[in-house]
Each structure stands twice: as structure tokens, then as C-alpha cells.
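Asks: Dropping the structure in here first, questions after.
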Amino acid sequence: MSTLQLLWFVLIGILFSGFFFLEGFDFGVGMSVQTLAHDEEEKEQIIQTIGPVWDGNEVWLLTAGGAMFASFPYWYASLFSGFYLILFIILVGLIIRGVSFEFRHRMPDGKRRRMWNWTLSIGSFIVPFFFGVLFIDLVQGMPIDVNGNVMASFTDYINVFSVVGGVALTLLCYLHGLNYITLKTEGPVRERARNYASFFYWVLYIGLVVFAALLYFKTDFFDNHFVVTLLLVVGIVVMTVVANVSVFKKKEMLAFIASGLTLILLVALLFSGLFPRVMIGSEGYYDILIKDASSSPYTLKTMTWLSLTILPFVLAYTSWSYYVFRKRIKHPAIAAAGYEG
């Protein structure tokens with residue numbers, strides 16, 4: 001395995017980490033529209049927290065997919081063909097979620113607007129849930145033939161571990177969104193989001209125990225990378241506790257950063273377990289290794305220089321966008337009364 005192959009494997013992991021850190025709270029906010037808000041004004045307040053940034057956050061996913069296509073075409077081909085239906089469902093979730101932002105504003109109050117509010121929340125649930133299913137399927141192994149074709153049945157895709165993974169990722173995104181709402185809003189929504197987060201962190205603790213047990217019995221992570229896997233699992237638990245305590249102490253920025261780091265550590269756990277593979281074959285089947293799945297050295301070198309040239313501008317623009325839209329969003333009634341918080 002060359003340095004450039006390792007570099008691009010790590011970079012794809014970083015891109016997915018960025019996607020789940022940034023888009024993760026978007027999904028959580030989207031789910032909160034129907035679970036947290038009590039009226040249409042509160043729903044509008046919640047949506048405004050991500051209005052300027054949600055579409056930019058999705059670019060991280062597009063970049064991760066493009067980087068995979070260019071740097072590991074064999075991985076891309078096996079993944080996208082073998083998980084075609086799951087990726088199609090994810091795409092549908094992204095589409096209905098994206099159009100709901102536009103269509104709900106064009107609808108008068110009533111059934112049609114409520115329909116698009118539900119569409120936003122359902123789309124925001126579908127994407128993290130099925131991404132969780134997909135990633136867990138990857139790490140527990142799939143039947144892969146010598147040509148890299150995935151020959152899976154329904155239970156290879158949908159099973160106890162993959163459903164637990166889907167629920168865990170969805171819950172992590174929901175909590176990340178709640179922490180973002182407390183950071184970006186004023187009024188009753190802010191306090192309600194804090195109360196919801198305080199409750200759901202206790203649910204998450206149970207989920208993490210189940211997830212860790214299944215990770216031990218259903219994957220080879222602890223056999224192949226015991227120290228790294230243990231450290232990352234402990235890190236996930238520690239960041240969850242930090243976020244929970246921060247919510248209790250009303251340290252909103254720390255809670256938001258800790259919940260985001262939990263998602264980053266989860267991606268790091270999955271990618272470290274994959275290494276040195278990009279696809280894991282279930283017992284008796286074939287693994288696809290990093291060294292066998294990558295593009296030519298020339299392609300990787302060219303991509304590296306292009307990325308180093310463009311990345312600083314992307315990061316600068318993203319930082320500037322969040323700085324410009326840094327102020328809290330107030331409930332319309334509070335704003336009308338001149339409340340400053």
C-alpha cells in the first residue's frame with residue numbers, strides 16, 4: 001500500500017466525518033420540526049436555523065462520493081452496485097428533504113404546508129437511518145465474489161446489527177440537532193430542545209451498550225485493531241457523557257461540539273475497522289483491499305495537488321458562512337416584543 005493510497009482512504013473518512021458533523025445537525029433539526037415544535041411559528045423558527053447552510057453542508061457528501069469514484073473506482077463500483085437500493089432510498093430522502101424547504105414556503109397554512117413539514121422530517125430521518133444500515137453492513141461483512149460483486153440477500157442488508165446501527169446514527173443526529181437548536185434559538189423552543197436532549201441521552205447510553213456488544217460479536221474490529229477500537233469506543237462514550245453534562249449545565253457550545261465529535265469518532269471507528277480493506281467479505285468470501293481498489297499513482301498525485309489547492313478556499317467560505325449567520329433565531333412573538341435574550 002502506497003502513501004497516497006493511505007492518504008486518500010483517510011481523506012474519504014475525513015469527508016464523511018465533515019458530512020456527519022455538519023449535515024448531522026441538519027438532519028436533527030429536520031426531525032425536530034415535527035417532534036419539537038408546537039406550532040407553525042416554532043417550526044419556521046427551527047427551519048430558519050439551518051436555512052442558510054443546509055445545502056452547503058450536503059456538498060461534503062457529494063465530495064466524498066466524487067473522491068471515492070476518482071481515487072478508489074473499484075470500491076465505488078462494488079459499493080454503489082451492491083447497495084443500489086439502499087443508496088436509492090438515501091437519494092430519495094435527500095430529494096424530498098431538499099424540495100420541502102422550497103415548497104413549504106409556497107404553501108399557505110393548512111394541510112399542504114403540514115404535508116411538506118412531514119416530508120422534511122421523514123426525509124431527515126431516512127438519510128441517517130439508511131446510512132447507518134449501510135455502514136454497519138460494510139463493517140460486518142457482505143458476500144463478495146472474486147470480481148467484487150456483492151451477492152447479498154435481504155437479511156444481509158437488514159438484520160439486528162444494521163438496524164441498531166441505523167437507529168444509533170439517527171439518534172446521534174437528532175441529539176446533535178437538538179444541541180444546535182439550543183445554540184441557535186431563543187424562547188420556548190430552546191428550553192424544550194434542552195429538555196428533550198436531557199432525556200434522549202439516557203436512551204443513547206442504552207443504545208451504545210447494545211452497539212458495542214454487537215460490534216464485538218459481529219465484526220473483527222477487536223481482533224484486528226483492539227487498542228484503536230477500544231480507544232475509539234471509549235472516546236464515543238466520553239464525548240456522549242460530555243455532551244450530556246454540558247446540556248445539563250447549559251453549556252450549549254460545548255454540548256454541540258461534543259455531539260459533533262461523537263459522530264466524527266463513530267466514522268473514525270468504522271474506517272479504522274475497515275483498514276486495510278475497503279469492503280469486507282463475510283466468512284468464506286473475498287475482501288477488497290485498499291491497495292487493489294485504488295486508481296493509478298498519477299491520478300492520486302494529481303487529485304492530491306488539486307485538493308490542496310481548492311480545500312483552503314472551501315474551508316474559508318464555510319467558516320465565513322457560519323460567521324455571517326451566527327446570530328440566534330428568535331420566536332416571532334418574542335422578536336415582536338423586542339426581547340433580546
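Asks: Here are some conditions: (1) within 25 Å of residue 273 (Cα to Cα); (2) modelled with pLDDT of 95 or more; (3) not β-branched (Val, Ile, Thr). Residue 196 meets all but one. Which one does it not meet?
Replies: Evaluating residue 196 over (1) within 25 Å of residue 273 (Cα to Cα); (2) modelled with pLDDT of 95 or more; (3) not β-branched (Val, Ile, Thr) leaves (1) as the failure.
Asks: Something else about it: Give the residues of the range 292-330 that are open to solvent by 100 Å² or more (accessible area, probe 1.4 Å), at pLDDT 90 or above and among the hydroxyl-bearing types (Ser, Thr, Tyr), sorted by residue number.
Replies: Selection gives 298 alone.
Asks: Scan the range 13-48 residue by residue and report those that are open to solvent by 10 Å² or more (accessible area, probe 1.4 Å) and within 17 Å of residue 255 (Cβ to Cβ).
Replies: Listed by number, the residues that qualify are 21, 22.
Asks: Just checking, which of 334, 264 is farther than 30 Å from residue 79 by Cβ, out of contact with any Pro (no Cβ under 7 Å at 6 or more places or on another chain) and either assigned to a helix (DSSP H, G or I) or modelled with pLDDT of 90 or more (or both)?
Replies: Details: 264 fails: farther than 30 Å from residue 79 by Cβ.
Unique residue meeting the criteria: 334.
Asks: Given 274, 263, 289, 270, which one is in contact with a Cys (Cβ under 8 Å, 6 or more places away or on another chain) and buried (at least 17 other Cβ atoms within 10 Å of the Cβ)? Step through it out loud before you land on a result.
Replies: Values: 274 fails: in contact with a Cys (Cβ under 8 Å, 6 or more places away or on another chain); 289 fails: in contact with a Cys (Cβ under 8 Å, 6 or more places away or on another chain); 270 fails: in contact with a Cys (Cβ under 8 Å, 6 or more places away or on another chain).
Only one candidate passes the filter, namely 263.
Asks: Need at least 3 residues that are open to solvent by 70 Å² or more (accessible area, probe 1.4 Å) per element, so show me which helices (runs of 4 or more DSSP H) inside the range 70-174 make the cut, counting only ones lying wholly within it. Lay out the reasoning, then the answer.
Replies: Details: elements: 73-82, 84-105, 111-140, 154-157.
Once the helices (runs of 4 or more DSSP H) in the range 70-174 are filtered for at least 3 residues that are open to solvent by 70 Å² or more (accessible area, probe 1.4 Å), what remains is 73-82, 84-105, 111-140.
Asks: Related question: Residue pairs, Cβ under 8 Å, 6 or more apart or interchain, first in the range 38-55 and over 18 Å from residue 97 (Cβ atoms), second part of a loop (DSSP other than H, G, I, E, B) and not acidic (Asp, Glu). List them.
Replies: As it stands, the answer is 41/331; 42/36; 42/331; 45/37; 45/187; 45/330; 45/331, since those pairs meet every condition given.
Asks: A further question on this structure: If you check 51, 56, 65, which single one turns out to be at pLDDT below 90, open to solvent by 10 Å² or more (accessible area, probe 1.4 Å) and in a helix (DSSP H, G or I)? Talk me through it step by step, then tell me what you get.
Replies: Values: 51 fails: in a helix (DSSP H, G or I); 65 fails: at pLDDT below 90.
Answer to the check: 56.
Asks: Right, next: Of (1) open to solvent by 40 Å² or more (accessible area, probe 1.4 Å); (2) modelled with pLDDT under 95; (3) more than 24 Å from residue 152 (Cα to Cα), residue 230 satisfies all except one. Which?
Replies: Answer for residue 230: the failing condition is (2).
The values are calculated or read from the model by the stated rules, or taken from the named source; none is laboratory data. All of these numbers come straight from a predicted model, not from anything done at the bench. We place every Cβ from the backbone using ideal geometry, glycine too, and count neighbours over all the protein chains shown. In case anyone asks, the SASA skips ligands and DNA or RNA and just uses the protein heavy atoms, side chains included. Shrake-Rupley method; radii C 1.70, N 1.55, O 1.52, S 1.80 Å.
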